[in-house]
1. Fully extended, how many nm does the chain gain between Val157 and Ala62 (0.36 nm per residue separation, minus their Cα-Cα distance)?
2. Remind me, relative contact order of region 22-188 in percent, using alpha carbon pairs under 8 angstrom and six or more residues apart?
3. Which value in nm describes the separation of the simple spin-label points at Lys33 and Leu166, placed 7 Å from the Cα toward the beta carbon?
4. Would you mind checking Lys58/Lys122; Lys33/Lys109; Lys58/Lys96; Lys109/Lys176 for any pair whose Cα atoms are more than 18 angstrom apart?
5. Given charges of +1 on the Cβ of Lys and Arg and -1 on the Cβ of Asp and Glu, with all other atoms neutral, how large is the dipole of region 22-188 about its Cα centre, in debye to the nearest 20?
6. Would you mind ranking Ile149, Ile88, Ile81 so that the residue whose beta carbon has the fewest other beta carbons within 10 Å leads the list?
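The numbers here are math on the coordinates, done by the rules we state, and not lab data. Computed from a predicted structure; not experimentally measured. Every residue, glycine among them, receives a Cβ derived from its backbone with ideal geometry; neighbour counts consider all protein chains shown.
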Amino acid sequence: MRKPIAVLCVVLAGFSLSGCGYNKLQNQDESVKAAWSEVVNQYQRRADLVPNLVNTVKGFAAQEERVLVGVTEARARATSIQLTPELINDPVAFQKFQDSQAQLGSALKTLLATVEAYPDLKSNASFRDLAAQLEGTENRIAVARNRYIDAVRQYNVTVREFPTNLTAGWFDFEVKPNFTVENEAAISTAPSVSFDTSTPAQPAQPEQPEAPAPATN
């Protein structure tokens, strides 16, 4: 007799949790974690490219020490943050992570802009390969960030809406920080990599109107 009662209690508990939104919260929480893992993977991929990129540039443009040091220091700050699962629940730590990655992205854009002054470096096969990998990684970062933003948005809506907000409060499901929209377009834009060493054509000069002929008496 006890076994059927126990089974019935488990079934009823399952229906209760499902009806109050607990299962939905769990599923969305896991979706956020999965999306965050992809963001971290892509940022790590970018960080792994930086040392070889810096060394390649240094071989052709060692005098650009300020730019090279800036990239190296930005990478060090970005990789010094411990990317624990708890980070996505801590707004302060999350903002620190976002700022450090934005600084690294900005430093890389400065580096690639500086390279334009060195045609020999731009034609180097190793640099071209690294720059292409970096550009592709930046695109994947943008995709991963957008997926994370959407996953967090859905989760946060569920946490706030009634009646699942009651379940969220009971089981400690809290609103998660998200990537801010401030400068989002600039951050998610991949660095521009140009290998065109030709001299740009000069714009055509507008034709000057002919002076009117002098009047004759």
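1. The span from Val157 to Ala62 would gain 29.1 nm if fully extended.
2. Working: 135 pairs, mean separation 61.4, N = 167.
37 percent.
3. Here the answer is 2.7 nm between the modelled labels.
4. Details: Lys58/Lys122 13 Å; Lys33/Lys109 29 Å; Lys58/Lys96 29 Å; Lys109/Lys176 30 Å.
Those over the limit are Lys33/Lys109; Lys58/Lys96; Lys109/Lys176.
5. Numbers: 18 positive and 21 negative charges, 37 e Å.
Taking the Cα centre of region 22-188 as origin, the dipole is about 180 debye.
6. Least crowded to most crowded, the residues run Ile81, Ile149, Ile88.
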